[in-house]
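Everything on this sheet refers to the single structure shown next.
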Amino acid sequence: MTDHKLSDPALLCTKAYINGKWTDAADGSTFNVDNPANGELIAEVAYCGEAETKAAIEAAEAARPAWAAKTPKERAKHLRDLFNLMMANQDDLGRILTLEQGKPLVEAKGEIAYGANYVEWFAEEAKRVYGEVMTQPSPDKRVVVIRQPVGVAALITPWNFPNAMLTRKIAPALAAGCTVVCKPASETPLSALAIAELCDRAGIPPGVVNIVCGNTRAIGGELTSNPSVKKLSFTGSTEVGKMLTEQCSGTLKRLSMELGGNAPFIIFDDADLDLAIKGVMASKFRNAGQTCVCTNRILVHEDVKDAFVEKLLAATNALKVGNGLDDGVDLGPLVSVKARKTVEEFVADAVEKGAKVHEGPSTPNGECYSRPLVLTEATREMRVFSEEIFGPVAPVFTFKTDEEAIAMANDTEFGLASYFYSKDVARCWRVAEALEYGMVGINEGIISNEMAPFGGVKESGQGREGSHHGLDDYLEIKSLTFGGI
Ligand code: NAP
């Protein structure tokens, strides 16, 4: 078993968190959480199923009225305390994240701060849930709108940002007055369970936040069919998002879906190439290419292709791949052997169809490491054009006109993040408006923060996280019509 080297070992929690209590699976079973850098066992976590999930939903339903009845300021205070605790424990939370997920420690600690920012933001927004006075329909009537919490929310999150994807949901849900049952990804449950421990320390009442891990289908089946659950917020693949949407139709739950992407990164002929390289390196190789907003397709104007590729190869070759806990590492291992094999299939497909491979820095021994590389001569027929790569592979396509670049960028069922680089203001407006994406980075490769609405269009999902819009997903609108006036 790994020596976790935590300042506060109590943050390494391995049981389910139900109704404010750390709970074993009913039959005592557990599953292993391994370190992708070396395959070592990090922890054995309670393997829960339908019964434990039911208990968690019952706890959330029982806690709901009192939590919703608190004043926004009281709920804000708990969230503020949670934010402070996250930042006070940033080192340990970052270490747990690197151990189970693989990303470099600097990035992991950055994710803790990023995740905590959502908690701070929604602590502030909790106090700004306003109603409206509508236009009066007749002289004797008045219509007022109030906004109320949706109710119990189920939150299902992926492994690529095991802290931030969860806080981005828990924080607005709690701010709005909802209670929650969370199911983190099986590869990375420890970051989520550490958040439960901090919720406990922040004095958040029992039942308001519950976390169960284990049998994916059994937990998902209960969360999507139980009538007490009024909303599902899911972050993960489009395939699973569609399936869960179908499962929720029986009880017609409110849905937020943060799904897959296929981000284009367009470099026009007037772009500042050095700025574009900075942006593409951050957007392509962060988290070893395993983010939903990762650059998937680099589209470069043919006149600047050679100069751009030369700079891209130099920057890629300068990356250091290694164990995320070691100093100076830019890329850790991928999350699993399966993830590494999938990336290799993408590369093999591209090579078979004529792409040229430029291999980047070598990797240490270890089954989950994937070598960063650039693919030139990429074409639309390759899988890297149409599917989410989720690894450190940068395919370069070329175009001749703005229209061609926009058509290529939009030629996908996804619509999450997109990026482009140009110095021409008129072109910036035209292209930004023409891109069919929920988010556009203009001369910028990092687009996600708590102040900006995050989310996709087309098959990348529905709903928005972050910003004041993030609260809307957890609030119902109710109209009150007063008569006899
Ligand atoms: P995934 O396979 O869809 O899994 C996501 C979550 O769904 C995990 O907790 C998983 O649990 C759970 N799940 C899978 N099948 C389920 C079922 N039948 N019932 C209930 N839950 C189920 O996605 P992933 O590989 O973890 O994450 C990568 C994907 O997430 C990529 O497509 C990426 O683009 C997307 N993503 C999107 C955003 C966004 O904001 N748009 C952000 C981050 C990631 P198990 O782990 O137990 O299987």
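The values are calculated or read from the model by the stated rules, or taken from the named source; none is laboratory data. Here the structure is a predicted model, which is why all the values come from computation and not from measurement. Quick reminder, even Gly has a Cβ in these numbers, built from the backbone with ideal geometry, and neighbours come from all protein chains shown.
Tabulated results
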item: Residue, farthest from the ligand (Cβ to nearest atom), within segment 244-272, restricted to residues that are over 19 Å from Gly415 (Cα atoms) and of a type in the set (A, V, I, L, M); result: Ala271
item: Flag if Thr167 is closer than 19 Å to Leu244 by Cβ, modelled with pLDDT of 95 or more, within 16 Å of the ligand (Cβ to nearest atom) and crowded, with 21+ Cβ neighbours inside 10 Å; result: no
item: Candidate set: segment 191-207, residues that are within 22 Å of the chain's Cα centre (by Cα) and either aromatic (Phe, Trp, Tyr) or more than 13 Å from the ligand (Cβ to nearest atom) (or both); chosen: the one surrounded by the fewest Cβ atoms within 10 Å (Cβ to Cβ); result: Glu197
item: Test: Thr157 is crowded, with 24+ Cβ neighbours inside 10 Å, more than 12 Å from the ligand (Cβ to nearest atom) and more than 17 Å from Leu475 (Cβ to Cβ); result: no
item: Near pairs, Cβ below 7 angstrom, 6+ apart or cross-chain, from segment 288-299 (farther than 18 Å from Val374 by Cβ) to any residue that is of a type in the set (Val, Ile, Thr) and more than 8 Å from the ligand (Cβ to nearest atom); result: Val293/Ile447
item: Enumeration of residues in segment 135-154 that are under 36 Å from the mean Cα position of the chain (by Cα) and either farther than 30 Å from Gly220 by Cα or free of Cβ contacts under 8 Å to residues at least 24 places away in the same chain (or both); result: Val144, Val145, Ile146
item: Selection status of Pro162, closer than 26 Å to Gln290 by Cα, under 17 Å from the mean Cα position of the chain (by Cα) and assigned to a loop (DSSP other than H, G, I, E, B); result: yes
item: Qualifying residue in segment 419-429 (condition: under 21 Å from the mean Cα position of the chain (by Cα) and either farther than 30 Å from Gly360 by Cα or crowded, with 22+ Cβ neighbours inside 10 Å (or both)); result: yes
item: Number of positions in segment 61-79 that are surrounded by fewer than 18 Cβ atoms within 10 Å (Cβ to Cβ), part of a helix (DSSP H, G or I) and not aliphatic (A, V, I, L, M); result: 5
item: Residue that is farther than 19 Å from Ile42 by Cβ, among the small types (Gly, Ala, Ser) and not in a strand (DSSP E or B), where the choices are Ala185, Ala192, Ala196, Ala218; result: Ala218
item: Residue in segment 171-181 that is in contact with a helix residue (DSSP H, G or I) (Cβ under 7 Å, 6 or more places away or on another chain), more than 13 Å from Thr53 (Cα to Cα), more than 16 Å from the ligand (Cβ to nearest atom) and outside any helix (DSSP H, G or I) present; result: yes
item: Segment 430-467: number of residues that are more than 16 Å from the chain's Cα centre (by Cα), among the hydroxyl-bearing types (Ser, Thr, Tyr) and farther than 20 Å from Ala282 by Cβ; result: 0
item: Candidate set from segment 249-264 (those that are of a type in the set (D, E, K, R) and not in a loop (DSSP other than H, G, I, E, B)); member that is nearest to the chain's Cα centre (by Cα); result: Glu258
